[in-house]
Amino acid sequence: MKTKNKKELFTKTIDELRKVLSEKRDELFSARQDLAQNKLKNVKSIFWKRKEIAQILTAIREKDLSMEKEELIENAKNAWR
């Protein structure tokens, strides 16, 4: 995944990222099936698909953590009032 595409990941919402994640997992599954049937020309594509999935999972995790952090800050502000 190119740097430009990585930046696009962080602009998407969590729901959009989960949708892309399921698509990438389906692509990986298909690639593994093709590999087993000797139809896959580029074996390295499996590595790249796994890497893309990891990047998407990282973006989802970062968004989750930032949302939790914002909630904690908001709760702390409300507790002092």
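The values are calculated or read from the model by the stated rules, or taken from the named source; none is laboratory data. These numbers were taken from a predicted model, which means no experiment stands behind them. Protein only, heavy atoms only, side chains kept; ligands, DNA and RNA dropped before computing areas. Shrake-Rupley method; radii C 1.70, N 1.55, O 1.52, S 1.80 Å.
Residues considered: E23, E70, E52. Largest GNM mean-square fluctuation over the chain, using C-alpha springs under 10 Å, is found at E70.
The relative contact order of region 2-81 comes to 37 percent, based on Cα pairs under 8 Å that sit 6 or more residues apart. Region 33-47 and region 1-30 have Cα centres spaced 21 Å apart. Overall shape: oblate for region 1-46, with the ratio a/c of the largest to smallest alpha carbon gyration tensor axis at 1.5 or above and b/c at least equal to a/b. Counting protein heavy atoms only, the chain has 52 percent of its accessible area on carbon and sulfur, 1.4 angstrom probe. When the inverse distances between all different Cα atoms of the chain are averaged and flipped, the Kirkwood radius reads 14.7 angstrom. Between the helical axis of 44-79 and the longest alpha-carbon principal axis of the chain there is an angle of about 10 degrees. Based on protein heavy atoms only, the chain ends up with 82 Å² per residue of surface accessible to a 1.4 Å probe.
Between 0 and 90 degrees, rounded to the nearest ten: what's the tilt of helix 14-36 against the longest Cα principal axis of the chain? So the inclination is approximately 20 degrees.
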